[in-house]
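Below you'll find the structure, written out as structure tokens, and then a few comments.
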Amino acid sequence: MRHHDQVRPAQGASFRFEPMVNIGISGIMAVEALPSCGTAGPADSHRSPDRSLAAQDGEMAVAGLCEFLECESMLPLHVNILASTVAHDLAWAEVLRAELHKAGRLEHEITVEIGPPMREVSVSCLLAGVDYLRNCGFRIALDGVGDSDVPPALVADVRPDVVKLHPNIVRSLPESRGRLGVLDAMNALCESTGSVLVAEGVEDDRQLALLRDHEVRRVQGPLFSSPTGLPPSTVSVPQRGALVDRTGEAITGPRASDFLSAATTLPLTTTADEVREVLNDHPDVESVVLVDEDRRPVHTLDRSRFLLSVTGPYGHALHAAKPASRLADKPRLVTTSTLAMNALETISQSSRERLYDDAVVVDESGRCLGVVRAIDLIRGIAAMRTDNAIALNPLTGLPGSDSIACEVRRCIDRRDSFTLGWLDVDSFKTVNDTVGFAAGDDLIRGLGRSLTDAATVLSSVKVAHVGGDDFLLFATAESDLQQFADQVLTPQREANGVAVTLSLATLECSGSTVSSYQEASQRLTPVKRIAKKVGGTSWVTSRLDDESIRVKRGHWPDDSSEDGQRPAASHDEAVRPNQPSVLTRLYRSSQRFTDLLAVAPVGIGLFDESESLVDANPALCDLLGYRLDKLRGMTVEHMTHPQFPATKRTNATAPASYRMLIRSDGQPVYCELHSALSVQDDGRQFWLMVFQDITERHQAAEALHHQATHDELTGLPNRAAINELLNDRLTAANPQRIAVLVCDIDNFKRINDALGHEAGDDVLRSLATRLENNVPDPCTVGRLSGDEFIVTCLDVDDLDGLATRLASLLRTAVPVKGEHLVRISASIGVAVSDDTITDGDDLVRFANAAKTEAQKRGPGHVALAGPDLITSTDQQVQLESQLRLALANDELHLHYQPVVDATGMTVGAEALVRWKRDDGTSVAPGTFLPVAEQGNLLRDLDRWVMRTALEEASAWPPGPDGTPIGISINVAGLTPDDPDFATEVAAMIDDSGIDWNRVVIEVVETELADIPAKQLSAMHRLVERGLRFAVDDFGTGYSSLARLQDLPAQIIKVDRRFVAEIDTDNTQLAVARAITDMAKAMGRRCVAEGVETAAQLRTLRELGIERYQGWLFSHDVPGGELRSLLGRPLPQFG
């Protein structure tokens, strides 16, 4: 860590400030410093190209703080910093502290927002950086959670003070149920870790209402305030409707923290003069909290009483330079879990003069989080009770439709089944007109009592009064609904002697068939219309899945069609004209042939017996650029381009051939030629030849071949082309001495992290051009992958000189976007062929091993693959060769680990590959799987495992209840982003004869992070046929949580890391619960991995997980032993 004088505020940077709002009290909690337009981040023009990116990032944070301090705002501040900066360079933190102390402010008033990318950052280094910042006194926030590469595991490890949801989560609301699942899961995780959840990007009232429904109280976005040059002091928050929780029940106990306001905190040693200055400069500050070094509140100062004390006749003389604590009170403390009513009671029990003082909210460590004002508590509780009262219909005392809407949304989120119903009085207007409005009111009041009485004893039924004679009902149990209908519809009803009937329409739905309350209401409308047509007191019901209509009460009118009309029978007539003469038919046939020739879009030529053209259609003339009189007499050989190889010139009159022809302007045109021998009217033979222009297809094929053998970004030959080149040279009759140099750009990740991937691509293109233009002529430059280049050279005499030259070429400063110079170096590994090396893969492997040695020595070094290194690498090659033989000779075998359900029955098994050599020794998967990866054998290994597992599983007997046993197969080489994945998987499943519904493909979370849209569509097609996908090790990878809803993954495997301590560590339990809740909201099933103890199993059951895997039930066993486990429950269940 460098001394803080090495970091300086960024010159030319400017900032704007966006408030974070507590919607419970319409108060500002803090402000975030955001770079204004033209100051986008550490890569911008005011940055110095000779300073490290981490230092520049730190400068931005310092600049944001300095500009904020100039505004003299007393609000807490959030500053942004990259995760890579926190992990690798903390010099800026000392500068922040120095600037704070100069302004008389404290560290706990600053929250450091740590933002993505996280994927390439060392977790241990990041956690060490977070600990350092915490020890300095800063608060910590994790930014971009939910739709970036911030995993739940990191939230649990960091335990931040604040978790900020990615704006994309809020923007997709309320349409996306999956994003709601992410929202609820992160809310639950934050509650367990003690973090405050802030929803960013709130743009409209609908989003705000939904956040309120899902108990999110801290928000940020343009709905409240756009970023401004000065930190705002007030914001306007749209009023809410009735305060309900997500179950639809009225909230009787909001927490005091729902009304949290920012606290003005000062050190315990602050003098009265200093407090007075703060209060005079900031009229909006009502109280001051004096805190110790650990941010624990020790005293509070009420504005009014303090100013009265220091401004009296002797106030200044008595208190001016004395500690402000002499005039302070003992703070009234509440926690984040204290109910608002309890907090209000705490305040009300104080002395009369402190009745309107603030209460200080503290976290579990006693540190100050903010204050709640008595007036805010009173207004909030009063508003809640008023809203709840207003929400009830004054005639029936029933809630409005919002309560039913909440119930429906909850079922949709959980994908539960439910029934939505509508009930009204038939011809209610006639009742009012006949017997008067008072009688009508009595009728509705009595009906409301009946509905309330029926719903009270039936727990799954809820009722609401929309208005007039319209009622809504909701039910989750069919038996309750039937009992409710009998109780309400059976009694005879009247209004002042006039008999009345009721109409009930119900729609059976599930969370998977309907996406919103609005959609369910719309789908209920046609059922309502039918119910009104049924005579007497009626009940008509329908199901969304089959849209059938069933009349459970009432009777249809005589005419069953809606308009009383039956459709008329259809009648078709066909009129056959008189048959024409034979001559007429022949003439017309000839004319049709001539006309067809003229309008055909392909070139057609007629050739005589000597293969000379005698006639052609206009399309052929256009294709070759000749008039017909110029084409006559030409043979196909005359039309062929002279550069078309003679070896490819098949007989032109063959049924099908391929030629490159030449146009009149000399341009080539590629054609497929199709010919057939025919007979003219006079009996002479002729050739009919079709010329199909395939020039575009040929060019596309050439482009595809180039794409397959060249890197798309740089245009250099790719790994496949380089391997082909090396193999050709090594297997030549007189192989030459070949040198391979693998060059890896040092710390290239920092460029992508700080400047973005586009900048990284610019750097790679520049380096590719630099290498191509400056390496010696016998050398070929290629790109292996990522930031790795490869150079192959023939007959190199001065190998050291070549390596030094390459190192010099790659030790440079590359301009990016015309503004920045990014300094580059490379680690280079060198390998040279000898008589024992005959494979290009081996040569590249040795060079790669040498490159790894060079990287160990530090950036910019070169290493040669010597005998020892080659021997070590060769052992890997030998193991790889043995693995290839094992694959080819079917010497591998599979073990299976059972997946059990909540009753202990085996419902599936995961296939695990094992390798036992002929000599009886076993090779551990941890040994041979890395070798398979290095040797590009993972695809072949995946194919073997999948083919074998499917074949063996197809013969497994079903479970005792006849349920088929599933088979889970891991893939690491043949992954869904492979263009051939869907085709190969489908073929193997079909060949095995196994039921598609039994097959599960397990893919690790990171493999699914950036899957292309085309391959995603292919996955969806496999799912449509019955295949299921499982996301393996979920919660540990650096992928977007929100991305999960877009993936066709039906199963989430909870990683063993969370299961291992789930019964002893509340944080791991919280992460597992968040994953489980999110999976349920997205309609996914969870499988817990690594279950080893009964206590873990009990906890997982309580979370609602119903599938388990681990040593508690069974180790992995051969297929024969697995069959013996299929018919009985495992003994660990009871």
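Read-outs throughout are calculated quantities, based only on the coordinates presented, and are distinct from any laboratory measurement. This one's a predicted model, so the numbers in the text were calculated from it and none came from an experiment. Backbone-built Cβ (ideal geometry, glycine too); neighbour counts: all protein chains shown.
Which of 1108, 132 has the fewest other C-beta atoms within 10 Å, and how do the rest follow up to the most? The fewest-first ordering by Cβ neighbours comes to 132, 1108. Calculated mean residue ellipticity, 222 nm, the chain: -12000 deg cm²/dmol, from DSSP H runs (n ≥ 4) at -39500 (n - 2.57) each, averaged per residue and rounded to 500.
Between the alpha-carbon centres of the stretch 713-784 and the stretch 398-426 there is a gap of 62 Å. Rounded to the nearest 20, the size of the Cβ-charge dipole of the stretch 882-1125 about its Cα centre is 400 debye, with Lys and Arg at +1 and Asp and Glu at -1.
In the stretch 79-164, inverting the average of 1/r over every pair of distinct C-alpha atoms gives 13.0 Å as the Kirkwood radius.
Here is the link list: 749/856; 851/916; 429/462; 164/1080; 648/1014. Which ones come out longer than 29 Å on Cα distance?
Pairs exceeding 29 Å: 851/916; 648/1014.
Could you tell me the calculated FRET efficiency between residue 770 and residue 891, based on Cβ-Cβ distance and R0 = 30 angstrom, to the nearest 0.05? Efficiency for this residue pair is about 0.05. Annotation: the stretch 373-532 has a Kirkwood hydrodynamic radius of 16.9 angstrom, from the mean reciprocal C-alpha pair distance.
Within the stretch 715-809, the trypsin sites (Lys or Arg not before Pro) that combine a DSSP coil assignment with at most 15 other C-beta atoms in a 10 angstrom radius are 737.
Given N residues in the stretch 835-944, what is its alpha carbon radius of gyration divided by 2.2 N^0.38 Å?
That ratio works out to 1.41.
Shown for 1005, 952: other C-beta atoms within 10 Å of each C-beta, ranked fewest to most, produce the order 952, 1005. Against the empirical 2.2 N^0.38 Å (N residues), the stretch 4-239 has a Cα radius of gyration ratio of 0.98. An ellipsoid equivalent to the chain, defined through the eigenvalues of its Cα gyration tensor, has semi-axes of 62, 50, 32 Å when rounded to whole angstrom and sorted largest first. Placing unit charges on the Cβ atoms only, positive for Lys and Arg and negative for Asp and Glu, gives the chain a dipole magnitude near 2080 debye about its Cα centre.
Exposure proxy ranking for 341, 689, 60, based on other Cβ atoms within 10 angstrom of each Cβ and starting from the fewest, stands as 341, 689, 60. The distance between label points at residue 622 and residue 701 comes to 2.4 nm (points 7 Å beyond Cα on the Cα→Cβ vector).
With a cut-off of 14 Å between beta carbons, the residues surrounding residue 920 carry a summed charge of 0, where Lys and Arg count +1 and Asp and Glu -1.
What is the diffusion coefficient of the stretch 710-865 in µm²/s, taking the Kirkwood radius over Cα pairs and the Stokes-Einstein relation at 10 °C with a viscosity of 1.306 mPa s?
101 µm²/s
Applying both filters, DSSP loop and at most 12 other Cβ atoms within 10 Å, to the GluC sites (Glu not before Pro) of the stretch 661-740 gives 712. Take the convex hull of the alpha carbons in the stretch 882-1125; its mean projected area over all directions comes to 13.3 nm².
As a calculated quantity, the FRET efficiency between residue 731 and residue 1046 at R0 = 51 Å, using C-beta atoms, amounts to about 0.65. Extending 7 Å from the Cα toward the beta-carbon at both residue 273 and residue 804 defines two label points whose distance is 7.0 nm.
Working from label points 7 Å from Cα in the Cα-to-Cβ sense, the residue 128 to residue 646 distance is 7.3 nm.
Once the C-beta distance of residue 1014 and residue 672 is scaled by a Förster radius of 22 Å, the resulting FRET efficiency is 0.20 to the nearest 0.05.
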